Amino acid sequence: MEYLDGVSIWEGLQSLVPRAFWPEKPVYAGSPQIVAKMTGLRLAPKTSFGVGNVMEFQINFGIPGVVIGFLALGWIIATLDHKAAVAEDQGDLGRVILFFLPCVAMIQPSGSIVEITGGSAAALVAAYGWKWAWNHWAAYPAGWRGRFSPARNSALLKPTD
């Protein structure tokens, strides 16, 4: 078999385009075409297979693809995790969610690049929605938020003199 030379990485980038904008998009999560092509098995086109990060990096570029692919994936996950930790330390929950949700979506050992990129993009959209909701909720007066106010709850947890 010949290497795919990055075809599945290109498909991962294509997966970022929502089907609402590109209904005939040829990319599907679940990797049936890649597994069928690289193994020679005849598979139903709608069948889902966990191609996995190792196989996907290997079938694209060989051993160097596995090494470089995991270094890149590890660096991205570590960077997002670090930024989420810094935002959490600063008490900025909106930024924590922006970094944390896409980071968690990237941790898919049995997922394909299509699933990793598509899931991370969806997580980022959801994170922006959560950040918007959090900022709006925090902007209301404490009386409206009632007893579920983060400021009130943190004051209850502080030791008294």
TODO: Just give me the residues in segment 34-56 being more than 17 Å from VAL114 (Cα to Cα) and among the polar types (S, T, N, Q), in sequence order.
DONE: THR39
Task: Every residue from segment 2-13 that is part of a loop (DSSP other than H, G, I, E, B), at negative phi and either in contact (Cβ under 8 Å) with a residue 12 or more places away in the chain or under 18 Å from the mean Cα position of the chain (by Cα) (or both) - done: TYR3, LEU4
- [ ] Being open to solvent by less than 30 Å² (accessible area, probe 1.4 Å) and under 15 Å from the mean Cα position of the chain (by Cα) is the filter; apply it to segment 81-96 and report the residue that is nearest to ALA127 (Cα to Cα).
- [x] VAL96
TODO: Within segment 68-101, track down each residue that is under 22 Å from HIS136 (Cα atoms) and in contact (Cβ under 8 Å) with a residue 12 or more places away in the chain.
DONE: ALA84, ALA87, LEU93, GLY94, ARG95, VAL96, ILE97, LEU98, PHE99, PHE100, LEU101
Task: Matching residues, segment 24-78, being surrounded by 15 or more Cβ atoms within 10 Å (Cβ to Cβ) and acidic (Asp, Glu) - done: GLU56
Open item on the list: Among the numbered criteria (1) in contact with a Gly (Cβ under 9 Å, 6 or more places away or on another chain); (2) assigned to a helix (DSSP H, G or I); (3) aliphatic (A, V, I, L, M), which one does ILE34 miss?
Closed with: (1)
Task: Filtered residues of segment 39-63 (kept if in a helix (DSSP H, G or I) and closer than 15 Å to ILE9 by Cα) - done: ASN53, VAL54, MET55, GLU56, PHE57, GLN58, ILE59, ASN60, PHE61
Open item on the list: Criterion first (at pLDDT below 85 and open to solvent by 80 Å² or more (accessible area, probe 1.4 Å)) does PHE100 satisfy it?
Closed with: no
Open item on the list: open to solvent by less than 90 Å² (accessible area, probe 1.4 Å), out of contact with any Leu (no Cβ under 6 Å at 6 or more places or on another chain) and in a loop (DSSP other than H, G, I, E, B): is that true of LEU16 in this structure?
Closed with: yes
- [ ] Working only within segment 103-125, note down all residues that are open to solvent by 30 Å² or more (accessible area, probe 1.4 Å) and not in a helix (DSSP H, G or I).
- [x] ILE107, GLN108, PRO109, SER110
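The values are calculated or read from the model by the stated rules, or taken from the named source; none is laboratory data. This structure is a prediction, so every number in the text was calculated from the model and none was measured. Reconstructed Cβ throughout: ideal geometry from the backbone, glycine too, with neighbour counts over all protein chains shown. Note: accessible area is taken over every heavy atom of the protein model, side chains too, but ligands, DNA and RNA are not part of it. Shrake-Rupley method; radii C 1.70, N 1.55, O 1.52, S 1.80 Å.
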